[in-house]
Amino acid sequence: MSKVRAGHWNIGFKSLSALVQGKTSIKFPNLPQCKTLYAIENYTLNNTMTNIYRQGAVGALLDIYEQTISDFKKVIEDIPDNALPIIIDPQTTDENCKSIQTILSHVVHSGYGYATSIHNLKGYNNTRPDKTYHLTIKEYLEDLTNIFTYTENIFKEIRDNELEQFDNSLKIKTSWGQLYDIEQMTEHAIVHILRHKRQVDKIKRNELK
């Protein structure tokens, strides 16, 4: 088993999947054995190893997605409700980024979109829920929980060997024109939340003082 010294390391999704599946290990001599520190695309996640991990490559993706959503919820949970509709960036041409409210509605709507597009690869013809704009943070926290539950249920039909697809005709055609397999779409969903987590955190620090 390979060992690395304690510190912050950039570990790709496939490497992290191997770690979760027990195919490799990371040792931190100066930290309690039950804890590990890893990074995804320079983004550090603190994770307690006492959790019961899901199995396989699908389980690894779901574990990472769930943790990412949980971390995003921690960032937004203390935002006052009256700050939601405040226009943060009046100059932007992106309607999804004018306020915290529009950002959160975009994150929720996109999360349902990613999961629905994966589901429809199985021959379904479902549509994601309409975008809604809430007036309370509590409602957005509930939405984020529901996104993961919705995604987790969809993944009950997906096996590890279905994640990667090299035949473009069997990939998901995204609304922005790219072709993604299930693994790529799920990784995009994870990074999408990470990017908006960073965005909202910056707004909290700079605009909501």
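Bear in mind that the values in this text are calculations on the coordinates, not laboratory data. Remember, predicted model here, so these are calculated numbers, not experimental data. Positions of Cβ are backbone-derived with ideal geometry, glycine not excepted, and every protein chain shown enters the neighbour counts.
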Condition (residue is within 27 Å of residue 78 (Cα to Cα), touching a residue at least 24 places away in the same chain (Cβ under 8 Å) and among the hydrophobic types (A, V, I, L, M, F, W, C)) applied to region 154-166: is it met by at least one residue?
no
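Look at residue 132 and say whether it is without any contact (Cβ under 8 Å) to a residue 40 or more places away in the chain and assigned to a loop (DSSP other than H, G, I, E, B).
Numbers: without any contact (Cβ under 8 Å) to a residue 40 or more places away in the chain: yes; assigned to a loop (DSSP other than H, G, I, E, B): yes.
Yes.
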Within region 153-171, residues being within 19 Å of residue 128 (Cα to Cα) and surrounded by fewer than 18 Cβ atoms within 10 Å (Cβ to Cβ) number 4
Cβ pairs under 9 Å, 6+ apart or interchain, first in region 89-112 and free of Cβ contacts under 8 Å to residues at least 60 places away in the same chain and assigned to a loop (DSSP other than H, G, I, E, B), second polar (S, T, N, Q) and buried (at least 18 other Cβ atoms within 10 Å of the Cβ), ordered by first then second residue, are 89/99; 94/102
A careful count of residues in region 172-182 that are in contact (Cβ under 8 Å) with a residue 12 or more places away in the chain and either assigned to a loop (DSSP other than H, G, I, E, B) or out of contact with any helix residue (DSSP H, G or I) (no Cβ under 8 Å at 6 or more places or on another chain) (or both) gives 3
